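The values are calculated or read from the model by the stated rules, or taken from the named source; none is laboratory data. A quick note: this is a predicted structure, and the numbers were derived from the prediction, not measured. Don't worry about glycine lacking a Cβ; one is built from the backbone with ideal geometry, like all the others, and counts go over all protein chains shown.
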Amino acid sequence: DGAYWGGGSKLGVDFSRFNQKNAVLPGEYDAEVRVNNVLKGNVRLRFADNDETQRAELCLTPALQEMLDLEKSAIKQQGEEDSCVWAKYAIPDAVFTYQTGE
């Protein structure tokens, strides 16, 4: 809540991104990847701004696809080759959770 920060909106600071649970800023983050609580390894995750949801969302990078043993033919591609392939749209039945504090 911007009010908590002493009028952040008056200062031109937009806190709306952090009103959502588990918000993350766009960028790349080194992370431990687990599938069904089984450690798969460490990988650099990429989060990019999704104009549709107004949040940073997980991109399904080639490194992450490989770690998850995903076949390229099973991934629903969107956009250009170098654009972000949104993980939640590419694998709609999967649940992706990113915990920044652990």
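Exposed (fewer than 10 other Cβ atoms within 10 Å of the Cβ) and at pLDDT 90 or above: does that describe residue 38?
Yes; evaluated as a whole, the condition is true for this residue.
Is it the case that some residue within region 22-35 is in a loop (DSSP other than H, G, I, E, B), more than 16 Å from residue 97 (Cβ to Cβ), modelled with pLDDT under 90 and out of contact with any strand residue (DSSP E or B) (no Cβ under 7 Å at 6 or more places or on another chain)?
So far as region 22-35 goes, no, none of its residues is in a loop (DSSP other than H, G, I, E, B), more than 16 Å from residue 97 (Cβ to Cβ), modelled with pLDDT under 90 and out of contact with any strand residue (DSSP E or B) (no Cβ under 7 Å at 6 or more places or on another chain).
Quick check on residue 98: is it surrounded by 11 or more Cβ atoms within 10 Å (Cβ to Cβ), modelled with pLDDT of 90 or more and aromatic (Phe, Trp, Tyr)? Walk me through it before giving the result.
Numbers: surrounded by 11 or more Cβ atoms within 10 Å (Cβ to Cβ): yes; modelled with pLDDT of 90 or more: no; aromatic (Phe, Trp, Tyr): yes.
Answer is no for this residue.
What single numbered condition from (1) exposed (fewer than 11 other Cβ atoms within 10 Å of the Cβ); (2) aromatic (Phe, Trp, Tyr); (3) modelled with pLDDT of 70 or more fails to hold for residue 47?
Condition (1) is where residue 47 drops out.
A quick yes/no check of all residues on (1) among the basic types (Lys, Arg); (2) exposed (fewer than 13 other Cβ atoms within 10 Å of the Cβ); (3) modelled with pLDDT of 90 or more:
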| residue | (1), (2), (3) |
| --- | --- |
| 59 | no, no, yes |
| 69 | no, yes, no |
| 76 | yes, yes, no |
| 81 | no, yes, no |
| 85 | no, no, no |
